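The values are calculated or read from the model by the stated rules, or taken from the named source; none is laboratory data. Predicted model, so just to flag it, every value in this text is computed and none were measured. Cβ atoms come from the backbone with ideal geometry, glycine included; neighbour counts cover every protein chain shown.
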């Protein structure tokens, strides 16, 4: 699948946002023990680049993420300000926080692969 120039630019911008936000978030977590177990896993920029969704991950699970979400929200204005100062852009995107569980995604992917294997195996068996 061919990527357009806009897709490439969005990916580059997402990479920059991830780097800058991760650096700033690392500084915050060093000072605040309430959110020390949380990490930014990835970011996704909206098509119009007005919103940036930050996907957080913690080994303690989604329940822990929901507990510390109010503390994360307190840091949202300072994170956005730091982002505005570190990137060269006309507008700074709004920040949206979500939980990202790669392990659950991995399990779903493994399940789908197993289903495909079984279907392929059934198709490969000769029918007499």
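Quick grid of which residues meet (1) touching a helix residue (DSSP H, G or I) at 6+ places or on another chain (Cβ under 9 Å); (2) free of Cβ contacts under 8 Å to residues at least 40 places away in the same chain; (3) closer than 18 Å to residue 29 by Cα:
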residue: 44; (1), (2), (3): yes, yes, no
residue: 49; (1), (2), (3): yes, no, no
residue: 53; (1), (2), (3): no, no, no
residue: 64; (1), (2), (3): no, yes, yes
residue: 77; (1), (2), (3): no, yes, yes
residue: 93; (1), (2), (3): yes, no, no
residue: 113; (1), (2), (3): no, yes, no
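Scoring residue 103 on the criteria (1) at pLDDT below 85; (2) part of a helix (DSSP H, G or I); (3) over 25 Å from residue 34 (Cα atoms) leaves a single failure, condition (3). In the set (1) within 16 Å of the chain's Cα centre (by Cα); (2) more than 21 Å from residue 91 (Cα to Cα); (3) touching a residue at least 24 places away in the same chain (Cβ under 8 Å), the condition left unmet by residue 32 is number (1). Checking 84, 89 one by one, the residue that is within 24 Å of residue 21 (Cβ to Cβ), assigned to a helix (DSSP H, G or I) and either more than 19 Å from the chain's Cα centre (by Cα) or in contact (Cβ under 8 Å) with a residue 60 or more places away in the chain (or both) is 84 and no other.
Only one entry in 58, 4 is at pLDDT below 90, more than 18 Å from residue 77 (Cα to Cα) and loosely packed, with under 13 Cβ neighbours inside 10 Å, namely 4. Restricted to region 79-91, and to residues there that are more than 21 Å from residue 7 (Cβ to Cβ) and in contact with a helix residue (DSSP H, G or I) (Cβ under 9 Å, 6 or more places away or on another chain), the residue that is modelled with the lowest pLDDT is 86.
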